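Participant: A single structure is presented below for examination.
The values are calculated or read from the model by the stated rules, or taken from the named source; none is laboratory data. Computed from a predicted structure; not experimentally measured. All Cβ positions, even for glycine, are placed from backbone atoms using ideal geometry, and neighbour counts span all protein chains on display. Just the protein is used for accessible areas: all its heavy atoms, side chains included, with ligands, DNA and RNA removed. Shrake-Rupley method; radii C 1.70, N 1.55, O 1.52, S 1.80 Å.
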Amino acid sequence: MVHIEDISTPARVAEPEEGIGRDELSLATRNHGLPLEGLRYDVTPPGMHYVLTHYDIPYVAEDAAWELTIGGHVDRPLRLGMDELRSYPPVTTRVTIECAGNGRALLSPRPVSQPWLVEAVGTADWTGVPLRTLLAEAGVRDGAVDAVFTGADHGVERGVEQDYQRALPLEAALGDDPEVLVAYAMNGAPLPPQHGRPLRLVVPGWYGMAHVKWLRDITVADQPFTGFQQTVSYRIRQEPDEQGAPVTRIAPRALMVPPGFPDFMSRSRVVRPGEVKLEGRAWSGRAPVTAVEVSTDDGRTWDAADLEGPDRHRWAWRRWHFDWTATPGQHVLCARATDAEGGTQPLDQPWNRAGFANNLVQRVPVFCPQSP
Ligand SMILES: Nc1nc2c(c(=O)[nH]1)N[C@H]1C(S)=C(S)[C@@H](COP(=O)(O)O)O[C@H]1N2
Ligand SMILES: [Mo]
């Protein structure tokens, strides 16, 4: 007999000299990052936003047939079609979403999974119904602790067959700052298939795994949810048998628009000597970003960048810029963000077995040739 576990890869960390494997490549060709030049846009243009999907993108021919069920520990279970959902007063929030695994492939040793460098991020205007409105209508009963969200996608992961499911603590699900959305539009248009058509959760400030796509059911639970994506995956562990801390909100991070122009294969950057305007974005899901600093000497010395505001969109990235005078030679540029809770980015890798919530400072090698 063949068992489902036999076709499913266990979690592992790469050997010291092991390159990216075919399994990681097959994930990398399906799940794409934000081309970093896309950091220039306040709102990421369609198709440039990063994508991550554990299993297959469900085929939804007709939004009209979609139903969202809300049940469990509630007084009035609901069954809502798309027209009903669209009849609630819509709320639009600009939200930066980052994958919890962003930066994983730069860790050493490398956790074997979707091999992100630093580009698993994007910002969109998400429109939908506040989750708390729907939960109020269903009437959450006393004693509820979690809201469990189920997507329509199905797969097997480390031997466990499952629908993609994640839970939020009830107080986060009912919160109004940030307000969780059951979203049906991205940048003013229906959700594209890869971003959850026709319905997804948007949880401002939280890493990507919380934003359940192809949302078909919400079950209010009076016991903590113990599903795979909650208690096995998305935990910060040094050792495989640890319980580990759950991955929740996005740690502060700044990224730079790659300056100058690239070499096709190496992506090395080339800039001309003289004035170079460095720019990028910074965000944190924990507290507002209060400062961005830039280093042009690989993290030895730092100078304050100009952080643009006012911060109207609390849950979206902010633009920063910095004027640099490039001199001939090799340089390593870095940027780092600090938030109002004092959280900042480390120069040494914050390693854990699955490579989650790693906000190591980005290093951008730049070559500046002599003037012709
Ligand atoms: N149903 C479902 N929702 C999901 C996922 C998934 O595999 N299935 N992946 C999650 C993860 S890990 C991330 S990082 C985000 C990515 O959202 P995006 O593809 O819209 O950028 O979706 C989340 N929601
Ligand atoms: Mo993710």
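Participant: Anything in segment 138-170 that is free of Cβ contacts under 8 Å to residues at least 60 places away in the same chain and away from ligand 1 (no atom under 16 Å from the Cβ)? List them, or say none. Steps first, please.
Facilitator: The first filter runs over segment 138-170 and keeps only residues free of Cβ contacts under 8 Å to residues at least 60 places away in the same chain, leaving 142, 163, 168-170.
Correct list: 142, 169, 170.
Participant: Pick from 280, 260, 285: which is among the small types (Gly, Ala, Ser) and open to solvent by 10 Å² or more (accessible area, probe 1.4 Å)?
Facilitator: 260
Participant: Something else about it: Are any residues in segment 47-80 within 23 Å of residue 131 (Cα to Cα), in contact with a Leu (Cβ under 8 Å, 6 or more places away or on another chain) and either open to solvent by less than 30 Å² (accessible area, probe 1.4 Å) or not basic (Lys, Arg) (or both), and if so, which ones?
Facilitator: 66, 67, 68, 69, 70, 71, 74, 78, 80
Participant: State all residues of segment 141-173 that are among the acidic types (Asp, Glu), within 27 Å of residue 88 (Cα to Cα) and within 16 Å of ligand 2 (Cβ to nearest atom); if no residue qualifies, say none. Full working, then the answer.
Facilitator: Step one: filter segment 141-173 for residues among the acidic types (Asp, Glu), giving 142, 146, 153, 157, 161, 163, 171.
Going one step further and asking which of them are within 27 Å of residue 88 (Cα to Cα), we end up with 142, 146, 153, 171.
153, the sole residue that qualifies.
Participant: Of (1) among the polar types (S, T, N, Q); (2) closer than 30 Å to residue 71 by Cβ; (3) more than 16 Å from ligand 2 (Cβ to nearest atom), residue 290 satisfies all except one. Which?
Facilitator: Only one criterion is unmet by residue 290, namely (2).
Participant: Would you tally the residues in segment 115-140 being open to solvent by 10 Å² or more (accessible area, probe 1.4 Å) and within 16 Å of ligand 2 (Cβ to nearest atom)?
Facilitator: Qualifying residue count for the region: 4.
Participant: Assess whether residue 202 counts as being of a type in the set (Val, Ile, Thr), near ligand 1 (Cβ under 10 Å from one of its atoms) and within 30 Å of residue 8 (Cα to Cα). Steps first, please.
Facilitator: Numbers: of a type in the set (Val, Ile, Thr): yes; near ligand 1 (Cβ under 10 Å from one of its atoms): yes; within 30 Å of residue 8 (Cα to Cα): yes.
Yes.
Participant: To continue, here is another question. Of all residues in segment 217-257 being among the hydroxyl-bearing types (Ser, Thr, Tyr) and crowded, with 17+ Cβ neighbours inside 10 Å, which is nearest to residue 125 (Cα to Cα)?
Facilitator: The initial filter retains those residues of segment 217-257 that are among the hydroxyl-bearing types (Ser, Thr, Tyr), namely 219, 226, 231, 233-234, 248.
Narrowing further to those that are crowded, with 17+ Cβ neighbours inside 10 Å: 219, 233-234, 248.
Numbers: 219: 26, 233: 28, 234: 26, 248: 21 Å.
Step by step, filter segment 217-257, then rank; the result is 248.
Participant: I'm trying to understand the selection: among the residues of segment 173-216, which are open to solvent by 30 Å² or more (accessible area, probe 1.4 Å) and either assigned to a helix (DSSP H, G or I) or at pLDDT below 95 (or both)?
Facilitator: Selection gives 176, 177, 193, 194.
Participant: Among the numbered criteria (1) of a type outside the set (A, V, I, L, M); (2) surrounded by fewer than 19 Cβ atoms within 10 Å (Cβ to Cβ); (3) in contact (Cβ under 8 Å) with a residue 40 or more places away in the chain, which single criterion is violated by residue 110?
Facilitator: (2)
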